[in-house]
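Okay, structure first, notes after.
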Amino acid sequence: MLTGLSLWWFDQLADTIGNHVISSDVPEVVKGRGLIVKNLTMIPVECVARGYLTGSGMADYKATGSVCGIPLPAGLVEADRLEPAIFTPATKAAVGEHDENVSFEQVASTIGTEQAERIRDLTIEIYQRVEAIARERGIILADTKFEFGTLAGGMIVLGDEVLTPDSSRFWDASQYEAGKSQSSFDKQYVRDWLTQESGWDKSSDTPPPPLPAEVIEKTRARYIEAFETLTGETFPG
């Protein structure tokens, strides 16, 4: 599903930015999941666009009145729309660790001002484009992250997955109401079960318990709902 949705979005963005995909014609064992792609030199920045205030952005705002060093108006509440959308980059963390929100200035000092400005502008341009597409289909794109890389000639293109429930926060537009948490098309069923029902202490050294079949199925169904609502296609899996 993630591969199929990424390919659909790459097609929607073809006249805006290139990507790393060469072909989806792969061996049967990975058909529908694997891709043949171009080798990129990845830019070591998680490029996050936020059009709504929630998640770690809301936590940052409550503590500082800003997000990644960008001052925001006072009095904003959970899920408020941000106009215009903002670029809130994060560092690429090591495997098993969380990415850390950083300022634009920190990104510029790491990769250079020119490249930092380019990926910032691309992130917002792409977000605005896809936010409008999703909204037409009844889904709000609250925030999303992109990963960019360069081809041998230096051209910046999209890499990794794009605009899936794993890399984006999708909300049902018909249920949207600022001031409260929104129902997301993502792993919320998993989070809720782990934190509220399983009895697992995530601060302990104990591995999390196996997921019940019901939680797996509800999560899968939510992902498929996002796929089919956005693409207008029936998920083949």
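Restricting attention to the stretch 170-220, report how many residues are of a type in the set (Gly, Ala, Ser), closer than 24 Å to residue 141 by Cα and out of contact with any helix residue (DSSP H, G or I) (no Cβ under 9 Å at 6 or more places or on another chain). The total comes to 4. For residue 216, only one of the following conditions fails: (1) surrounded by fewer than 15 Cβ atoms within 10 Å (Cβ to Cβ); (2) within 17 Å of the chain's Cα centre (by Cα); (3) of a type in the set (A, V, I, L, M, F, W, C). What is its number? Just one mismatch for residue 216, condition (2).
Restricting attention to the stretch 172-228, the residues that are touching a strand residue (DSSP E or B) at 6+ places or on another chain (Cβ under 8 Å) and assigned to a loop (DSSP other than H, G, I, E, B) add up to 6. The listed residues are 118, 137, and the only one of them that is surrounded by fewer than 16 Cβ atoms within 10 Å (Cβ to Cβ), over 11 Å from residue 49 (Cβ atoms) and touching a residue at least 40 places away in the same chain (Cβ under 8 Å) turns out to be 137. Within the stretch 45-63, the set of residues being closer than 25 Å to residue 119 by Cα and either outside any strand (DSSP E or B) or β-branched (Val, Ile, Thr) (or both) comprises 45, 48, 53, 54, 55, 56, 57, 58, 59, 60, 61. Do we find a residue being polar (S, T, N, Q), at pLDDT below 95 and closer than 25 Å to residue 228 by Cα anywhere in the stretch 140-152? The answer is no, given that none of the residues of the stretch 140-152 is polar (S, T, N, Q), at pLDDT below 95 and closer than 25 Å to residue 228 by Cα.
Inside the stretch 1-44, residues that are under 19 Å from residue 145 (Cα atoms) and outside any helix (DSSP H, G or I) make up a count of 14.
Determine whether the stretch 166-178 contains at least one residue that is under 19 Å from residue 14 (Cβ atoms), touching a residue at least 60 places away in the same chain (Cβ under 8 Å) and under 16 Å from the mean Cα position of the chain (by Cα). No: the stretch 166-178 contains no residue that is under 19 Å from residue 14 (Cβ atoms), touching a residue at least 60 places away in the same chain (Cβ under 8 Å) and under 16 Å from the mean Cα position of the chain (by Cα). Here residue 171 passes the criteria (1) within 30 Å of residue 22 (Cα to Cα); (2) modelled with pLDDT of 95 or more; (3) of a type outside the set (Ser, Thr, Tyr); (4) surrounded by 16 or more Cβ atoms within 10 Å (Cβ to Cβ) except the one numbered (1).
The values are calculated or read from the model by the stated rules, or taken from the named source; none is laboratory data. Note that this is a predicted model, so its numbers are computed, not measured. Methodologically, a virtual Cβ is constructed for each residue, glycine included, from the backbone with ideal geometry; neighbour enumeration extends over all protein chains shown.
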